[in-house]
Amino acid sequence: MSAADNISLTVIGLGPMGQAMTRILLGAGHPVTVWNRTPERADTLVAAGATRTAAPADAVAASELIILSLTDYRAMYDILEPVDDLSGRTLVNLSSDTPENTASAAEWVARRGGRFVAGGIMVPAPMLGTDAAYVYYSGDPEAFHGVEPVVRALGTPRYLGGDIRLAQLFYLANLDVFLTALAAVLHAAALIESVGGPVDHALEDLYEHLTLIPDIIGPSGDLAADLATGRHPGDLSTVTMMGATADHLVQASIDTGVAQELPAAVEHLYDAAIVAGHGKDNWTSLFEVIKAGRETRGR
């Protein structure tokens, strides 16, 4: 399959992301068949050239490439359960779910004769198809490289390898940082507002601080090396010192009546690192505490 091939494909799921994908793929010259539980969501897409089908089986039969944009993988089962034969089809599921559920879904598709590629879109729908857009993919290399010229229109593909779980892991890892940062900004703004402080000015400073974090913590390669080797040399900002700040955040939250759960979770990690003997190490030693939590749950 070359980039010039205007391959036919099917999009199942027409929420904001599915609609955006369909418009982009139509604009790239691909004949697109669509299906959605609420048929009216396809009206504007049909006007733009898409073909609407009445049933999921018809949508699957229409194309060898099926792109799914659903709430989760459970929705895929609900929709495609009646379709027993997926032979000759490649399913690219761009829905969000857990890595283990993704692995189970790949097996489910394989039992029906299909090939499966998992994906994680890292931008909101309005940014899809722009230079800023990128999408993680994992799964069967042959299947991915077959669909890559098509899905490239959605955003830069970042293929992570044959382990089907990796796209979801990278997607969730990014959302781990994103969701925590969003909550932290709102918590910080609430602290300022609780004493009548200027939230607009605070947010301006908080945004600036977010952009400075990479410079403060240093190059990602250096951090990766420290985490890989277990090297956490103490510096001016030891775990003990940063843990004290975390404690102050919790107490300030209590004093001002702001929700304390977020800083309390961070404080817990620093306390655990001190108990584990990392008090004189730097903040990267929290990695050991987080990993230990994983190993404890695995026993």
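By definition, a body whose alpha carbon gyration tensor gives a ≥ b ≥ c is oblate when a/c is 1.5 or more and a/b is not larger than b/c, and region 203-299 fits this oblate description.
Angle, helix 239-256 long axis vs. longest principal axis of the chain, Cα atoms, 0 to 90°, nearest 10? Its long axis makes an angle of about 80 degrees. To the nearest ten degrees, helix 286-298 and the longest principal axis of the Cα atoms of the chain are 60 degrees apart.
Note on region 154-193: the C-alpha convex hull projects to 3.8 nm² when averaged across all orientations. Eigen-decomposition of the gyration tensor built on the alpha-carbon atoms of region 102-142 gives equivalent ellipsoid semi-axes of 27, 10, 8 angstrom, largest listed first. Close amide H contacts of ILE67 (hydrogens built in the peptide plane, cut-off under 5 Å, sequence separation of 5 or more or a different chain): THR10, VAL11, ILE12, VAL92. Relative to its Kirkwood radius, the Cα radius of gyration of region 179-230 gives an Rg/Rh of 1.17.
Rg over Rh for region 14-56 works out to 0.91, using Cα positions for both radii and the Kirkwood form for Rh.
The convex hull defined by the C-alpha atoms of region 137-211 has an orientation-averaged projected area of 6.5 nm².
With θ taken as phi - 60° and the Karplus curve 6.51 cos²θ - 1.76 cosθ + 1.60 applied, the whole-hertz 3J(HN,Hα) list for region 176-182 is 4, 5, 5, 5, 5, 5, 4 Hz, x standing for glycine and proline. 5 Å is the cut-off here: which amide hydrogens, built 1.01 Å from N in the peptide plane, fall below it relative to GLY129, excluding neighbours closer than 5 in sequence? Result for GLY129 returns GLY155. Here the contact order of region 118-229, divided by its residue count and restricted to Cα pairs under 8 Å and six or more residues apart, works out to 20 percent. Would you please state the base-10 log of I(q)/I(0) at q = 0.09, 0.13, 0.16 1/Å for the chain, with intensities from the Debye formula using one equal scatterer on every alpha carbon? Taking Cα atoms of the chain as identical point scatterers yields -0.60, -0.98, -1.19. Taking the convex hull of the alpha carbon positions in region 63-141 and averaging its projected area over all directions gives 5.5 nm². Summarising the amide proton neighbourhood of TYR134: residues at separation of 5 or more, or on other chains, whose placed amide H is nearer than 5 Å comprise MET122, VAL123, THR156.
Note on region 1-159: Cα-Cα pairs beyond 22 Å make up 33% of the total pair count. Give me the percent relative contact order of the chain, please, defined on Cα pairs under 8 angstrom at least 6 residues apart. Relative CO of the chain lands at 12 percent.
Subtracting the Cα-Cα distance of ASP140 and ASN6 from their residue separation scaled by 0.36 nm leaves 46.0 nm. Express the carbon and sulfur contribution to the solvent-accessible surface of the chain as a percent, rounded to the nearest whole number, probe 1.4 angstrom. So the carbon and sulfur contribution to the accessible surface is 58 percent. Multiplying each eigenvalue of the alpha-carbon gyration tensor of region 110-174 by 5 and taking the square root yields semi-axes of 21, 14, 9 Å, largest first, rounded to whole angstroms. Please give the helix 99-111 orientation as an angle from the longest Cα principal axis of the chain, in degrees from 0 to 90, rounded to the nearest 10. It works out to around 20 degrees. Solvent-accessible surface of protein heavy atoms, probed at 1.4 angstrom with all chains present, puts TYR207, TYR159 in the order TYR207, TYR159, largest first.
For region 69-206, the per residue solvent-accessible surface stands at 48 Å², with DNA, RNA and ligands left out and a 1.4 Å probe.
The values are calculated or read from the model by the stated rules, or taken from the named source; none is laboratory data. Predicted model, so just to flag it, every value in this text is computed and none were measured. Just so you know, the surface numbers come from the protein's heavy atoms only, side chains and all, with ligands and any DNA or RNA stripped out. Shrake-Rupley method; radii C 1.70, N 1.55, O 1.52, S 1.80 Å.
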